Amino acid sequence: MKRSGLVKAAIGILAFLVIAFLTVSFFISSALKGFKIQVMDFDQELNLRKPIQVKTEPTILFLGNSMTYFNDLPTVFLNLSRSGGFAAEVYELTEGSYRLEYFADETDEVGAQAYDALNNYDWDYVILQEQSGISTMGAEENMYPAARTLDSMVWEANGESVFLMTWAYKEGFSLPLLGLEFNNTREEMQTQMAQNYMNIATELDALLAPAGIAFMRCSSNYPEIELWDEDGNHPSKAGTYLAACVLYQVLYDQSPGELSYTADLDRQTASKLQLVAAGIR
């Protein structure tokens, strides 16, 4: 009798746990399915803040991850600058999969290098690029506190922060949770990224280079241009060139249209990308 009672109790507990799991799964599934992201109008006027003063010989530091170093965005931007008559000095501190919170952590190996760069050198602009997942879903907890810390250090280094809004994954993203799969389209992912980048840039009165919005406009107007690498996450050479053109438009308050440097893209493709970037205002 005693053993039978224990077995029954164990079965009862197991049944309760199964029912609880299924109930929680049902409510989470229902909540997420009911939570529909209102996709933004990617063609809307952005009314971006302009630099305090356009610098003809700016000193620029890039802080980011593979979205920045893939196809060497800093060098592409440097060559664009020279093509437009600007004598920029460009430096980068990048590491794969890095988040802004790592750069803002002095105990982190790369973060210590960021602290050294910001504490001991003057910069005109510091480009801040967040990890894609964090800028989509972890902004309040991770992105914003780190951004505030870094922005404060940039101001102390006599510079301006520039948030480089990256692009959504080509096929959006999937979130596995309790054995269920929840999907966000490219447009939904970009909307979340854009809102988070715009919010922190507004709060800190920082510059914003919305390359992600340029990706959305370009893919709509020029679908023949492949902006993503084969992995669907990182930029193709055309995507990197577009991001560089957006930075050029924002930092120099000048259209990149008709610049001679094309990063080995054909002239027609480069001209289309320049035109898209020129519309980012």
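Tell me, what is the percent relative contact order of the chain, built from C-alpha pairs under 8 Å that lie six or more residues apart? Intermediate results must be reported in sequence, preceding the final value.
Values: 470 pairs, mean separation 55.2, N = 281.
So the answer I get is 20 percent.
Would you mind ranking Val250, Val39, Val90, Val126 so that the residue whose beta carbon has the fewest other beta carbons within 10 Å leads the list?
On the way: Val250 24, Val39 15, Val90 19, Val126 27.
Fewest-to-most Cβ neighbours within 10 Å comes out as Val39, Val90, Val250, Val126.
For segment 228-281, max minus min Cα coordinate along each principal axis, in Å, sorted largest first?
33, 21, 14
Calculate, in nm to one decimal, what Arg267 and Asp108 gain on full extension: separation in residues at 0.36 nm each, minus their alpha carbon distance.
Details: separation 159, 0.36 × 159 = 57.24 nm, distance 4.29 nm.
Contour length minus Cα-Cα distance gives 53.0 nm.
Convert 20 °C to kelvin, take the viscosity as 1.002 mPa s, use the Kirkwood radius over C-alpha pairs of segment 176-281 as Rh, and evaluate the Stokes-Einstein diffusion coefficient in µm²/s, rounded to a whole number. It would help to have the intermediate numbers written out before the result.
On the way: Rh = 14.8 Å.
The Stokes-Einstein estimate is 144 µm²/s.
So what's Rg/Rh here for segment 184-244, counting alpha carbon atoms and using the Kirkwood radius for Rh? If you can, show how the numbers build up before the last one.
Working: Rg = 12.4 Å, Rh = 12.4 Å.
Expressed as Rg/Rh, it is 1.00.
So what is the 222 nm mean residue ellipticity for the chain from helices alone, if each DSSP H run of at least 4 adds -39500 (n - 2.57) and you divide by all residues, rounding to the nearest 500 deg cm²/dmol?
Details: 11 runs with 140 residues, N = 281.
So the helix-based figure for the chain works out to -15500 deg cm²/dmol.
Span-like helices, the chain: DSSP H, alpha-carbon axial extent 30 Å or more, mean Kyte-Doolittle -1.0 or greater, which ones? Show your work: numbers first, answer last.
Details: long enough: 2-34 (48 Å, 1.47).
Long hydrophobic helices here: 2-34.
What Kirkwood radius, in Å to one decimal, follows from the Cα pairs of segment 46-278? Don't jump to the answer; show the numbers that get you there.
Details: mean 1/r = 0.0566 Å⁻¹.
About 17.7 Å for segment 46-278.
Under 8 Å for C-alpha pairs, at least 6 residues apart: give me the relative contact order for segment 73-219, rounded to a whole percent. Intermediate values should be presented prior to the final figure.
Values: 206 pairs, mean separation 29.8, N = 147.
Relative CO of segment 73-219 lands at 20 percent.
Got a sec? How would Asp229, Asp124, Asp264 order by Cβ neighbour count within 10 Å, fewest to most? Before the final figure, lay out each step's value.
Values: Asp229 16, Asp124 22, Asp264 8.
Arranged by neighbour count, lowest to highest, Asp229, Asp124, Asp264 become Asp264, Asp229, Asp124.
Work out, step by step, the length gained on full extension between Asn183 and Arg82: first 0.36 nm times the residue separation, then minus their alpha carbon distance; give nm to one decimal.
Values: separation 101, 0.36 × 101 = 36.36 nm, distance 4.21 nm.
Residue separation times 0.36 nm, minus the Cα-Cα distance, leaves 32.1 nm.
Could you name the aspartates and glutamates in cross-link range of Lys170, using Cα to Cα under 16 Å and dropping any fewer than eight places away on the same chain?
Partners within reach: Glu187, Glu188, Glu224, Glu226, Asp229, Glu230, Asp231.
Of Ser83, Leu93, Met165, whose Cα points farthest to the positive end of the dipole of the chain (charges on the beta-carbon: +1 Lys, Arg; -1 Asp, Glu; origin at the Cα centre)?
In the chain, that residue is Met165.
FYI, it's all coordinate maths here, none of it is from the lab. Only a predicted model underlies this, so the values are computations on that prediction, with no experimental measurement involved. Positions of Cβ are backbone-derived with ideal geometry, glycine not excepted, and every protein chain shown enters the neighbour counts.
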